[in-house]
Amino acid sequence: MLMSLIDLAKVFLEKYGNHSLNDFGAETYRGSLTSIMFDYWRSFLAVKGLVEERSNNDIMLIFREYHKWDQSGRTIPLTEYFGIDVIKSVGNSFLNIPT
């Protein structure tokens, strides 16, 4: 039986942790290749969820919101602005992207 994406993510979470995507950056590259790819995968899933679920596949809506955040001075983290809490380790929730 193939593992679901959620099951696979839980395996990686146990090994690499549940740190915020706000921490993604130079520090990411101090980990193993697998942990680096896991962070990219988490980032991909966050963007995918925003585009497909939050904006009903309207990527320009996401870009407009991003520009609003940028032009307002980036006073809060982007994940907070978009209301994303990626990779929840509790329950069966993999992406928690409130509408």
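Could you look through segment 71-94, keep only residues that are at pLDDT below 50 and of a type outside the set (A, V, I, L, M), and pick out the one that is farthest from F44 (Cα to Cα)? Give the steps one after another, and end with the answer.
Of segment 71-94, the ones at pLDDT below 50 are 87-94.
Checking the rest, the ones that are also of a type outside the set (A, V, I, L, M) come to 88-89, 91-94.
Values: K88: 15, S89: 18, G91: 21, N92: 19, S93: 16, F94: 13 Å.
The residue in question is G91.
Cβ-Cβ contacts under 6 Å between residues 6 or more apart (or on different chains), taken from a first residue in segment 4-31 that is within 16 Å of A46 (Cβ to Cβ) to a second residue that is among the basic types (K, R), are absent.
The values are calculated or read from the model by the stated rules, or taken from the named source; none is laboratory data. Keep in mind that this is a model prediction, so the values were computed, not measured. Virtual Cβ from ideal backbone geometry, glycine too; neighbours counted across all protein chains shown.
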